[in-house]
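Participant: Sharing a structure here in structure tokens format.
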Amino acid sequence: MKTLSPLQQERLKYQPKLPKCLANGINSLELEEGQATESVRDQEAIKQLFEKTYGKPIVTFKSTSNKKESPVKNVGVILSGGQAPGGHNVIAGLFDALKQANPENKLYGFLGGPSGIIDGKYQEITKDFIDAYRNTGGFDIIGSGRTKLETEEQFQKSLEVCKKLNITAVVIIGGDDSNTNAALLAEWFVKNNAGIQVIGCPKTIDGDLKNEQIEVSFGFDTATKTYAELIGNIQRDANSAKKYWHFIKIMGRSASHVALEAGLQTQPNIVLISEEVEEKKMSLEQIVTSMCDIITKRAEMGKNFGIVIVPEGLIEFIPEMKTMIASLNDLTHELEKDDDYQNSANEKKFEIITSKLDSDNAKVFSSLPALIKAQLLMDRDPHGNVQVSRIETEKLLIEMIRTRLNEMKAQGKYTGKFSDQAHFFGYEGRCAFPSNFDADYCYSLGFNAFALINFGLTGYLSSVRNLTKPAAEWIAGGVPLTMMMNMEKRHGEMKAVIQKALVKLDGPVFKELEANREDWAMNDRYLFPGAIQYFGPTEVCDLTSVTLQLEHK
């Protein structure tokens, strides 16, 4: 028998809270429909691609005294994409709801992500099985994967597997790409009269899957609190030793919500926001100059230390870097069959690349430290592109800042000492024990997903909102997946995808950072959040993210 830590044992006993309407019973619900919806953009193109599932209304659940009978249903569930704290509780909520509706219902977990439904690899989820995973982090209950569900062959195989298990509904737990796949699968099932519903659940620690109905994606709360604890620890160390500048890269490639939230929780000296860099068309040189200005001013105050938060995807938002990387992607495709290039050492590769890039891009490439050049030429992703997430942007900034400060020192413009430490916080937060908020929210999302199934809906995303209130006051319902979609260019083709929610520079969350930047830069207003609290007063244990609090003031 597996040995459990005391915390594991206690967390298994935690009973997540539900919105009042769901807590009153899965068979005691009534459905209220709103107005017909439209996609966020490109309405005609999206309508054409999703003619069977487009334009559905937002739905909300209410309690009723009329108890309904629930026929037997078999449901399949898929964990898709990167891990996020709380995924196990989505499955637990789904399991409890379907068993409450009818004890004869069965839940099958497809193994290894979407490939499980294609290849017919599954595990029946029983009470004893799920009870060992309640309120725990990770996706290890059935595993995850990144296979896309988008081809006729995949849909056909998925249908065959579902028919074999008598599955009439599939729940896909994932981010924007995974739920785009859910929308495609839902449309295909309806078009082919398969009799199988598809419901999505909003997952991603990046926080970029949200709108008015989806106030936050699950996992964001736990991950940012985990990162904030680590940043707070480093700030305490920096304020004690007073000799290091700590550059902390933090997860979030396509949006800076995680960096922004962690910054608001800890109040470091510098927080870079990718969307701001892009909006202001800031060059790498301008970013370095502004950071050197703060470092210099702090040195004049006798403070040769500080904390910098860098979003993982920053490099792609810097205009000249974005252009250079795009050219590099095209060029390295051409050089794949060039034996002279492939067999060369890095220095020779750098020369070949520089000679083949146009003058502007060659200048940018040449300005980079050798370490970063080498990372830009590493193995490509499955689409043949630079793996931007593997580029150590924090080290790029350190090298460029050190070079600039040495130049300034030689000119008598800088008299401080610059010692650095680099960190990357990513995987540390993806499988953490979910906070009480994420434990409750995820359980509610799963429970609610079965409510959507029970009412015969398909092509919907499970929605639980009003999240700054106590859980009993949360509002449960669903939002059509097509409502969140637009057309974007992917690998040379225009495709329907769920639109990513980026940091709004005119929104209250960024404005809070903007209002405090100068003060935090110089005056060390460091906050120390400490570890996530699971037991104790509600105002500590059930605290929502600063982002949610500011967005729903």
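Participant: In the range 164-192, which residues are part of a strand (DSSP E or B), open to solvent by less than 20 Å² (accessible area, probe 1.4 Å) and over 20 Å from S389 (Cβ atoms)? Quick ask: steps written out before the conclusion?
Facilitator: Narrowing the range 164-192 to residues part of a strand (DSSP E or B): 167-174.
Remaining after also requiring open to solvent by less than 20 Å² (accessible area, probe 1.4 Å): 167, 169-174.
Matches in the range 164-192: I167, A169, V170, V171, I172, I173.
Participant: Anything in the range 354-370 that is under 25 Å from I401 (Cα atoms) and either in contact with a helix residue (DSSP H, G or I) (Cβ under 6 Å, 6 or more places away or on another chain) or in a helix (DSSP H, G or I) (or both)? List them, or say none.
Facilitator: T354, S359, D360, N361, A362, K363, V364, F365, S366, P369, A370
Participant: Can you name the number of the only condition in (1) of a type in the set (G, A, S); (2) within 25 Å of V509 (Cα to Cα); (3) outside any loop (DSSP other than H, G, I, E, B) that S240 fails?
Facilitator: It fails just one condition, (2).
Participant: I'm trying to understand the selection: among the residues of the range 190-237, which are more than 15 Å from the chain's Cα centre (by Cα), over 26 Å from E152 (Cα atoms) and β-branched (V, I, T)?
Facilitator: Passing the criteria: I231, I234.
Participant: Looking at T482, T415, T458, which is the one that is surrounded by fewer than 16 Cβ atoms within 10 Å (Cβ to Cβ), hydroxyl-bearing (S, T, Y) and at negative phi?
Facilitator: Working: T482 fails: surrounded by fewer than 16 Cβ atoms within 10 Å (Cβ to Cβ); T458 fails: surrounded by fewer than 16 Cβ atoms within 10 Å (Cβ to Cβ).
Just a single option satisfies the conditions, and that option is T415.
Participant: Pairs, please: C-beta under 6 Å, at least 6 apart or cross-chain, first residue under 12 Å from D208 (Cα atoms) and basic (K, R) and in the range 484-507, second open to solvent by 10 Å² or more (accessible area, probe 1.4 Å) and in a loop (DSSP other than H, G, I, E, B)?
Facilitator: K500/S254
Participant: Now for a different question. Any chance you could count how many residues in the range 193-237 are outside any helix (DSSP H, G or I), open to solvent by 10 Å² or more (accessible area, probe 1.4 Å) and touching a His at 6+ places or on another chain (Cβ under 6 Å)?
Facilitator: 0
Participant: List the number of the failed condition for V497; all other conditions in (1) in a helix (DSSP H, G or I); (2) out of contact with any Phe, Trp or Tyr (no Cβ under 8 Å at 6 or more places or on another chain) hold.
Facilitator: Result: V497 passes all but (1).
Participant: Would you be able to say whether some residue in the range 516-527 is farther than 30 Å from E51 by Cβ, at pLDDT 95 or above, outside any strand (DSSP E or B) and under 23 Å from the mean Cα position of the chain (by Cα)? Before the answer, list the steps.
Facilitator: Residues of the range 516-527 farther than 30 Å from E51 by Cβ: 516-527.
Retained after the next criterion (residues that are at pLDDT 95 or above): 516-527.
Okay, now just the ones that are also outside any strand (DSSP E or B), so 516-527.
From what is left, the residues that are under 23 Å from the mean Cα position of the chain (by Cα) are none.
No: zero hits.
Participant: Inspect the range 421-428 for any residue being small (G, A, S) and in a helix (DSSP H, G or I) and give the result as yes or no. Explain how you work it out, then say what you get.
Facilitator: Within the range 421-428, the first condition is being small (G, A, S), and the residues that meet it are 422, 426.
Among the residues that remain, those that are also in a helix (DSSP H, G or I) are: none.
No.
Participant: For the range 292-303, give me each residue that is part of a loop (DSSP other than H, G, I, E, B) and surrounded by 17 or more Cβ atoms within 10 Å (Cβ to Cβ).
Facilitator: Applying the first criterion (part of a loop (DSSP other than H, G, I, E, B)) to the range 292-303 yields 301-303.
Hit for the range 292-303 is K303, nothing else.
Participant: If you don't mind, another one. Does K73 fit the bill of being surrounded by fewer than 21 Cβ atoms within 10 Å (Cβ to Cβ), over 27 Å from G145 (Cβ atoms) and in contact with a strand residue (DSSP E or B) (Cβ under 9 Å, 6 or more places away or on another chain)? Please lay out each step first, then the result.
Facilitator: Working: surrounded by fewer than 21 Cβ atoms within 10 Å (Cβ to Cβ): yes; over 27 Å from G145 (Cβ atoms): no; in contact with a strand residue (DSSP E or B) (Cβ under 9 Å, 6 or more places away or on another chain): yes.
No: the conditions fail for K73.
The values are calculated or read from the model by the stated rules, or taken from the named source; none is laboratory data. Just so we're clear, the structure is a prediction, and the values are computed from it rather than from any experiment. Neighbour counts run over all protein chains shown; Cβ positions are idealised from the backbone, glycine included. The area values use the complete protein model at the heavy-atom level, side chains included, leaving out ligands, DNA and RNA. Shrake-Rupley method; radii C 1.70, N 1.55, O 1.52, S 1.80 Å.
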